[in-house]
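The values are calculated or read from the model by the stated rules, or taken from the named source; none is laboratory data. This is a predicted model, so every value here is computed, not measured. Cβ: placed from backbone, ideal geometry, glycine included. Neighbour counts: every protein chain shown.
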Amino acid sequence: MQIKNGKDFWAGLMFIGFGLGFTLVAQNYPMGSAVRMGPAYFPTVLGGLLAVLGAMVFFRAFVSKFSEPLKVFIFRPMLLIASVVIGAATYFADSQLKGAPMVQYALTGLALFLFFGAFGPRSMFLILLSVVIFGYALKPLGLVLATVLLIVLSAVGGHDFRKKEIVILTVVLVIFGVFVFVKGLGLPFNLWPGE
Amino acid sequence: MDYALIHNLSIGFGVALSLQNLMYCFFGVLLGTLIGVLPGIGPVATIAMLLPVTFNLSPISALIMLAGIYYGAQYGGSTTAILVNLPGESSSVITCLDGYQMARQGRAGPALAIAAMGSFFAGCVATVIIALFAPPLAEVALKFGPAEYFSLMVLGLVGATVLAHGSLVKAIAMTILGLLMGLVGTDVNSGIARFSFGLSELSDGIGFVIVAMGVFGFAEIITNLEQGESRDVFINKVTGLMPTWKDLKDSSGAILRGTALGSMLGILPGGGALLSSFAAYTLEKKIGDTSKFGKGEIRGVAAPEAANNAGAQTSFIPLLTLGIPSNPVMALMIGAMMIQGIAPGPQVMTERPELFWGMIASMWIGNLMLVILNLPLIGMWVKLLTVPYRLLYPSILLFCCVGVYSLSNQPFDVMLTAIYGLLGYVFVKLECEPAPLILGFILGPLMEENLRRAMLLSRGDATVFVTKPISGVLLGIALVLLLITLAPAVQKTREEAFVE
């Protein structure tokens, strides 16, 4: 058997994964009956259906008339495995880690970091990272510094990084953000750390 | 014309013409065009990005502004298509073909003017169509029980998958994945937080803005960066906006045909701007002198532009009368209505007539503003196009992040959006169309609720969906749609249609 359509192959696996995942997790909830459907009923049906459709897409990959390479985008399996292992360990060790929230945060962060790094090009990693950092930095660091971090880090993710331009862009966007988001729209952001 | 229609429209114009609402409509159109002009940002991302701006407004002002943003983004996309050959969104892909050729021949001005006029004409017609057809449809919808609603949603989702690009199986799978993701969060009947993994942030469910912004906004930026940029802007060639008499004569028929086709296709589930513009172009290519198509034929700009605007507007009909979104933009509008505390559905028209008719009136005003605003401002939009993407995307990211964060001031939401951005990238790479996913996501909880109620009422008898006449007919149409798409002949032409 030869995989002819790499896109179908991976898409099939993805759908099967999601389908089985939702079905399995749903088994933790009461199923109910057809008359009084419990919270597990609808997701179990849908999850099963999704897995079946995924299997169809998966098997089509072997007989497809369209030829697509198996390598659709950059994928680093080791990083994904590491991420899943760390993530699962942190999740199941929840009770032991209760006393050390910092360790818990650091491990969760590391798992996410590895997860984002496992797929796609460098630019995607940097852009998504800049977004996540902005989200978590906004409260402790304030809008000004969080914006600087977001712009600089995401700009590094592009192909063509020009220092001068980025400095100007950052200044403009910080001023814009302060006046439009905070003063104009009245969004409740602090501007500086610890305000 | 009956008396009620005039009465209703006068209520609507009374609301829409208030100074405040005129202002919001204007800002919406302006902001929408401003962001829509930027290449690589479609209406969905634009609306998702600007949604937080409307949170503090009254419901009617918020909806008027969002509708304005939608037309603005739509029209901005056409400008980009004509001038840079880069469609800002999928519904202006077709405008690129002849519009860009016209720009290369130094006729960008007439192309832009005809696009604006065609859109305005289509907008006027579509507004009247909504005013005429929405009330009777809403009356029918008021008689719907849970079984009918469930079947209607099935039909809507099937329609969306049938009309999606590419593989049908993948589109159905994406719909179901969307339905499942929509179920995350607390179950209304049992109070159990499903699929939340003990995270309190997930117990309220995943916000639809998060999904839309990640899958459409972030994923677009990532794929754009991966492809690198290559753009040729025909800036110096925008001279003289006025089309010649011959242009007007040539395009008037195309505008009429485009409007008619667009108005019809917009109502279909899964239809809207994209399908309308494709269909209108294909129709034009079959009529009259076809030698100039692809080489700067003005009819090739006029027809799809009229059609996509007509389709964009009539796709509000299923939303306003049935509460069912027919495309991702409408899914966002439903989300916006829910945030404003309005349950979308047929009762909106009877309970909040000022909201319903005000919005319809504002559609016409918004279209008028588009023409007034865009023809003199084209110079400014052209300048905006010369801003390099390397400066644009960090700015877009900032808007998206602030928008997501301000939903509930939780960093977790921003992280979740990043995860959806990653998923969106994977979807693009695996050729899985994300539009059905968003529709499923919005409809997931509604479908489950109606399914449960219908089964409870029928005491567990599943045949109720077929034996109730309206429900049975709706399911029948869905089945026929699916079978037609699966028929070998149609599949072949479908492939060809999307290749074009």
Here's a check for you: in region B:404-428, which residue that is under 20 Å from the mean Cα position of the chain (by Cα) and surrounded by fewer than 23 Cβ atoms within 10 Å (Cβ to Cβ) is modelled with the highest pLDDT? B:Phe427
What's the number of the only condition in (1) touching a Ser or Thr at 6+ places or on another chain (Cβ under 8 Å); (2) at the interface with chain A (Cβ under 10 Å from one of its Cβ atoms); (3) surrounded by 18 or more Cβ atoms within 10 Å (Cβ to Cβ) that B:Glu431 fails to meet? (3)
How many of the residues in region B:355-405 are in contact with a Pro (Cβ under 9 Å, 6 or more places away or on another chain) and aliphatic (A, V, I, L, M)? 5
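Out of the residues in region A:56-69 that are part of a helix (DSSP H, G or I) and more than 10 Å from chain B (Cβ to nearest Cβ), state the one that is surrounded by the most Cβ atoms within 10 Å (Cβ to Cβ).
It comes out as A:Ala61.
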Can you tell me which residue within region A:70-104, out of those that are of a type in the set (Phe, Trp, Tyr) and assigned to a helix (DSSP H, G or I), is farthest from A:Gly6 (Cα to Cα)? A:Phe92
Looking at A:Phe59, A:Phe22, which is the one that is of a type outside the set (Ser, Thr, Tyr), modelled with pLDDT of 90 or more and out of contact with any Ser or Thr (no Cβ under 9 Å at 6 or more places or on another chain)? A:Phe59
Give the residue that is farthest from the other protein chains (Cβ to nearest Cβ), with candidates limited to residues of region B:148-189 that are more than 29 Å from B:Ala279 (Cα to Cα) and modelled with pLDDT under 85. B:Val188
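Here is a yes/no grid of residues against (1) more than 18 Å from B:Cys401 (Cα to Cα); (2) part of a helix (DSSP H, G or I); (3) touching a Phe, Trp or Tyr at 6+ places or on another chain (Cβ under 6 Å):
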site	(1), (2), (3)
A:Phe113	yes, yes, no
A:Ser123	no, yes, no
A:Ser130	no, yes, no
A:Lys139	no, yes, no
A:Leu149	no, yes, no
A:His159	yes, no, no
A:Leu173	no, yes, no
A:Pro188	no, no, no
A:Gly194	yes, no, no
For a quick check of your reading of the model, give me the residue pairs whose first member lies in region B:439-452 and is among the aromatic types (Phe, Trp, Tyr), whose second is part of a helix (DSSP H, G or I), with beta-carbon atoms closer than 7 Å and at least 6 apart or on different chains. B:Phe441/B:Gly178; B:Phe441/B:Met181; B:Phe441/B:Gly182; B:Phe441/B:Phe208; B:Phe441/B:Val211
Please work out which residue is surrounded by the fewest Cβ atoms within 10 Å (Cβ to Cβ), limiting yourself to region B:102-135 and to residues that are closer than 24 Å to B:Tyr3 by Cα and aliphatic (A, V, I, L, M). B:Leu132
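Return yes when B:Val84 is touching a Lys or Arg at 6+ places or on another chain (Cβ under 8 Å), of a type in the set (Val, Ile, Thr) and at pLDDT below 80 and no when it is not.
yes
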Within the set of pairs 6 or more residues apart or between chains, which connect a residue that is farther than 10 Å from B:Lys170 by Cβ inside region A:46-63 to a residue that is in a helix (DSSP H, G or I) and among the acidic types (Asp, Glu) with Cβ atoms less than 6 Å apart? A:Ala61/A:Asp8
Under the condition of being of a type in the set (A, V, I, L, M, F, W, C) and more than 7 Å from chain B (Cβ to nearest Cβ), which residue from region A:27-47 is surrounded by the most Cβ atoms within 10 Å (Cβ to Cβ)? A:Ala40
Of (1) surrounded by fewer than 18 Cβ atoms within 10 Å (Cβ to Cβ); (2) within 7 Å of chain B (Cβ to nearest Cβ), A:Gly21 satisfies all except one. Which? (2)
Regarding region B:364-371, can at least one residue be identified that is closer than 28 Å to A:Gly177 by Cα and facing another protein chain (nearest Cβ under 10 Å)? no
